[in-house]
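In what follows, a single structure is set out as structure tokens and then discussed.
Bear in mind these aren't lab numbers, they're just calculated from the coordinates by the rules spelled out. Just so it is clear, the structure is predicted and the values come from calculations on it, not from any experiment. Every residue, glycine among them, receives a Cβ derived from its backbone with ideal geometry; neighbour counts consider all protein chains shown.
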Number of protein chains: 2
Amino acid sequence: MATTTSSPHSLFLQNRNSHPLNKNNLASFTNLKKINFFNTKRAISVTCSAASAPTQDRTAAQIQSGQEDRVFNFAAGPANLPEKVLLKAQSELYNWRGSGMSVMEMSHRGKEFKSIIEKAESDLRALLNIPQEYSVLFLQGGATTQFAAVPLNLCTPNDPVDYIVTGSWGDKAFKEAQKFCNPQVIWSGKAEKYTKIPNFDALEQNPDAKYLHICANETIHGVEFKEYPSAKNSTGILVADMSSNFCSKPVDVTRFGVIYAGAQKNVGPSGVTIVIVRKDLLGNAQDKTPLMLDYKIHDENNSLYNTPPCYCIYMCGLVFEYLLELGGLNEVEKMNRKKAELLYNVIDGSNGFYKCPVEKSVRSFMNVPFTLEKSDLEAEFVKEAAKEKMVQLKGHRSVGGMRASIYNAMPLAGVEKLVAFMKDFQAKHA
Amino acid sequence: MATTTSSPHSLFLQNRNSHPLNKNNLASFTNLKKINFFNTKRAISVTCSAASAPTQDRTAAQIQSGQEDRVFNFAAGPANLPEKVLLKAQSELYNWRGSGMSVMEMSHRGKEFKSIIEKAESDLRALLNIPQEYSVLFLQGGATTQFAAVPLNLCTPNDPVDYIVTGSWGDKAFKEAQKFCNPQVIWSGKAEKYTKIPNFDALEQNPDAKYLHICANETIHGVEFKEYPSAKNSTGILVADMSSNFCSKPVDVTRFGVIYAGAQKNVGPSGVTIVIVRKDLLGNAQDKTPLMLDYKIHDENNSLYNTPPCYCIYMCGLVFEYLLELGGLNEVEKMNRKKAELLYNVIDGSNGFYKCPVEKSVRSFMNVPFTLEKSDLEAEFVKEAAKEKMVQLKGHRSVGGMRASIYNAMPLAGVEKLVAFMKDFQAKHA
């Protein structure tokens, strides 16, 4: 039986029914003092009192230790997922709702997975109020694949298109588009180190452009569009990369021709990319478009032209369901605003000890970059925070400093803990 | 507390610590008679006797019921995963080995995920004995994306290339290549309904071709290359789509320029595609190649140019580890051969009640298509099998009949059960 310490390797050689988390063995936990799971790095220990101990006390103590096991993860993505979603996924990983199999084992053409992808789409439509005139696609390859797919689907090789570049991701999108059409950067924040969003009225859009492209939230630089420009061109099509603020607040989808987003910031694990595209834009892909980059193929096949990333879609579905239960994106935005304000207020109230370079009106609610006036303390800041279980606070290698990514699933408690830490750190080092 | 029946929706409104599978609450199972998890479709019930019942008896009964919960899944992919892999994944889903986070939440640039992807690659190299002159890439988009990536990386738009078409997938690969080069079908099994592999000596290969392409196992038609042809052209490059027999047997990688495979048959969940490419072939992608289809970009960045499908890679890593522990691909091949022979023997010994159309010498060990002489009984066959928890036996919509996919993770017991069912079914209906 699994009452002894197991390495990941030796586990496979045991009978499956002796696995500690196998539900068939749950009862046997009562007689154990302590179980170590897979102590590859740091053991996860489960302490179970004898069955005669008071249930209430035991549970309270265990809840406490369970919470302490988790870190606050400020990574820019992949990032936190809601704990309830993770626990639900864990409970049904081995046998999804009596189907006799894991979601990872299901035929993508079977009725079980069909119910999963249809509910995911339907819940996403409810969250973002997506009209039926838009197709919702669950694809692969991340936003980087969309950097090519957008021009391949929306224009010919000679067509002009406009890009607003407010950070590294918008710049990458522009550069990739150069292979497939004739893009122009009509505004760039590069000279000001990507800390601003342009005044929309002053933009010089090309009237012949086939679309106007923006990156709605720049993950690395922490710059976020709070309003959206109108595409003043021959098609009126606005395209947005929303990878890092997708489903973090309500969005009027009808303002856009195409919205695309990697899931791994706010709505799921990495490996699935969501594309929301107005249906009248389908069917015009360039001749040399790889099948898998042609929106029409995926629309016609309800994202099942080939095998989709089933488990990633399932996880997104659990997150969508969870966001709806929280009250939808209005509520989600309120929580995100509160977390962001807490953090920016500490930075701005630090008398210059902490600095955020981004213009106040366009600061991201998702990614908060900041530096220390005494830059030689930054490494210590990151290290000390990690000791207190706040991880991944180092800024992107291209900009340095720190960055706290506080997506939907970052609990308020995580930001409160960070803010308290920042004040302590300042008091110690000011 | 989670002692009452919960719908998937209401679960999210409970405190996370009251989740039935939360390790902190395991002890409380002892006082429960029965718990229903998420009874959306069919309840998964866990029966726990009172704490005073004999532990040994209870566990044995539960083991039995746990095994009965699972079905034998004969789907063509996504398909079975090893039960031990699923249970391990389940146990560490919420908190990976003391890291304080799920694998789904990890930064792809953090040390934890780096250790996961490096071990996955290293174990795959050990399994297939992949030389250092080959790059191993973990990509997205399935084999269908590779149908475009192969010509985009290996030739110019005017280059001739050769395709052997032994089934639907080879045909799809050929058709997609037409966008990016000048492919010729040098042999097609279509006229004989894709039941054969050609005689290699009789092939008329184009000496100017830049590569020769095969599909090593045709999932739909059940035709498998048992030997591989040599590319008798200017480059000597053989390319193989091994999606549906990858890691099912040893392969001499040095025979190939490129091997590619979707993971979802033998080595993981859908959402990750493995490409093994000889390094001297990198760096020649066509100008208009989308970044994400350029092998060189991924090789230079160790599959981390953008965010990879982290959880899918982690799952593949668990499977690779498991296959190594089974004894490697020689052992895996033995098991697969045994299962396949069992099934083909029953078909061939049925006096024509069951028929497999594929030429005996090239029958797939992975996908076993068969028909009934009395074809009007096929629907009943599928239905009755499902009642006995053998699911997804219906043949592909393009060929009809039945298909039993018996990948690595299909236990021998599953094939034995199917074979017994087939004999019974024949006895009843012959």
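Here are the numbers for the structure shown:
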| item | result |
| --- | --- |
| Euclidean distance of C-alpha centroids, the range B:238-273 and the range B:281-359, integer Å | 4 |
| Long pairs among B:LYS339/B:LYS423; B:LYS338/B:LYS417; A:LYS196/A:LYS334; A:LYS338/A:LYS417; B:LYS196/B:LYS417, criterion Cα-Cα beyond 19 Å | A:LYS196/A:LYS334; B:LYS196/B:LYS417 |
| Amide H contacts under 5 Å for B:HIS213, placed H, 5+ residues apart | B:ASP162, B:TYR163, B:ILE164, B:VAL239 |
| Shielding of A:388-396 by partner chains, average beta-carbon count, 10 Å | 2 |
| Normalised alpha carbon radius of gyration of the range A:226-344 [divisor 2.2 N^0.38 Å] | 1.20 |
| Formal net charge of residues neighbouring A:MET315 (Cβ-Cβ distance under 12 Å; K, R +1; D, E -1) | -2 |
| Per-residue mean of C-beta atoms belonging to partner chains within 10 Å, peptide B:132-142 | 3 |
| HN-Hα J in Hz across the range A:316-321 - Karplus 6.51, -1.76, 1.60, θ = phi - 60°, x for Gly and Pro | 4, x, 5, 5, 4, 4 |
| Across the identical copies, how the A:VAL185 labels are spaced - nm, sorted shortest first, 7 Å along Cα→Cβ | 4.8 |
| Protection-proxy order for peptides A:90-100, A:239-249, each taking the mean of Cβ atoms within 10 Å per residue, highest first | A:239-249, A:90-100 |
| Net charge, B:ASN206 excluded, C-beta distance under 12 Å - Lys, Arg +1, Asp, Glu -1 | -2 |
| Local electrostatic count at B:ASN129 - Lys and Arg +1, Asp and Glu -1, tallied over other residues with Cβ under 15 Å | -2 |
| Between the range B:103-144 and the range A:128-154, the alpha-carbon center distance in angstrom | 27 |
| B:PHE370 long-range amide H proximity, modeled H, under 5 Å | B:MET402, B:ARG403, B:ALA404 |
| Other copies of B:ASN199: label-to-label distances in nm, shortest first, labels 7 Å along the beta-carbon direction | 8.1 |
| log10 of Debye I(q)/I(0), alpha-carbon scatterers only, for the range A:295-372 at 0.13, 0.16, 0.19 Å⁻¹ | -0.66, -0.77, -0.86 |
| Other protein chain Cβ atoms within 10 Å, averaged over every residue that makes up B:269-277 | 5 |
| 10 Å binning of all Cα-Cα separations within the range B:328-429, expressed as whole percents from 0 upward | 15, 52, 29, 4, 0 |
| Distances in nm from A:SER115 to the matching label points in the other copies, shortest first (labels 7 Å along Cα to Cβ) | 3.9 |
